[in-house]
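I have placed the structure first, in the form of C-alpha cells, so that the comments after it can refer back to it.
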Amino acid sequence: MLEEDFEREIKVLLVGNGGVGKTSMIRRFCKGVFTDEYKKTIGVDFLEKTIYVDELGEDVRMMLWDTAGQEEFDSMTRTYYRGAGACVVVFSTTDRESFEAVPGWKAKVEAECGSLAMVLVQNKVDLLEEATMTPEEAEAMARKVGLKFYRSCVKENMNVTE
C-alpha cells in the first residue's frame, strides 16, 4: 500500500451545556445548513468533513463529535472523548450557566484526553442585546482557562466554515 493511500484524520470534540449550538455548529460546518429548531442530543452524534490544510499540503478528515450537554448523559459521553485530538468548548451568549460551566468542561476533557488542542467559542453573538456576560468577561474567561477565544454565529455563518 502506498503512503498516499493513508488519510490523515483527527477526532474533534464539541462540548458545552445543552442548547449552546454545538449540533447547529457541526451541521453548518459539515453540511452548510442551519436550523434554529432545538433537538436535544442523546449521547453523541458525529459528522465528518474533509478539508485541505495548507500547512500540511494535504487533506485531513475531521470527525466532529457532538456530545450531549446534559449532565444525565455525562458518564456515557465521556467514554467518547478518548482518542480526540482537538476540542471546541462552546458557550452561548444568552446562557450565563453555560458560560460559568466552561472551566468544568475543559477539566472533563483533559481528565479523559490529557493535553490536546482546545479552543473556546462564544456562540450566538447575533444576540448580544440578550447577552448574559460582557465581552470583557468572555475574554477574561478565555485567559483564565488558557484557551484561544473565538466568537461565532452559526445562524449567520460567522466564524464557522472558515
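The values are calculated or read from the model by the stated rules, or taken from the named source; none is laboratory data. Since we're looking at a predicted model, the values are computed, not measured. A quick note on method: Cβ atoms are made from the backbone with ideal geometry, for glycine too, and the neighbour counts reach across all protein chains shown.
Residue count for segment 138-147, restricted to those that are buried (at least 18 other Cβ atoms within 10 Å of the Cβ) and in a helix (DSSP H, G or I): 3. Residues that are over 30 Å from Arg82 (Cβ atoms), of a type in the set (D, E, K, R) and in a loop (DSSP other than H, G, I, E, B) within segment 116-137 are absent altogether. Of the residues that make up segment 148-160, is at least one over 20 Å from Phe29 (Cα atoms) and surrounded by 15 or more Cβ atoms within 10 Å (Cβ to Cβ)? No, there is no match, as no residue in segment 148-160 is over 20 Å from Phe29 (Cα atoms) and surrounded by 15 or more Cβ atoms within 10 Å (Cβ to Cβ).
For (1) within 17 Å of the chain's Cα centre (by Cα); (2) part of a strand (DSSP E or B); (3) more than 21 Å from Ala142 (Cα to Cα); (4) modelled with pLDDT of 85 or more, each residue gets a yes or a no:
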{"residue": "Ile10", "(1), (2), (3), (4)": "yes, yes, yes, yes"}
{"residue": "Gly18", "(1), (2), (3), (4)": "yes, no, no, yes"}
{"residue": "Arg61", "(1), (2), (3), (4)": "yes, yes, yes, yes"}
{"residue": "Thr77", "(1), (2), (3), (4)": "yes, no, yes, no"}
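Reported count of residues in segment 89-100, each being under 14 Å from the mean Cα position of the chain (by Cα) and either outside any strand (DSSP E or B) or polar (S, T, N, Q) (or both), is 3.
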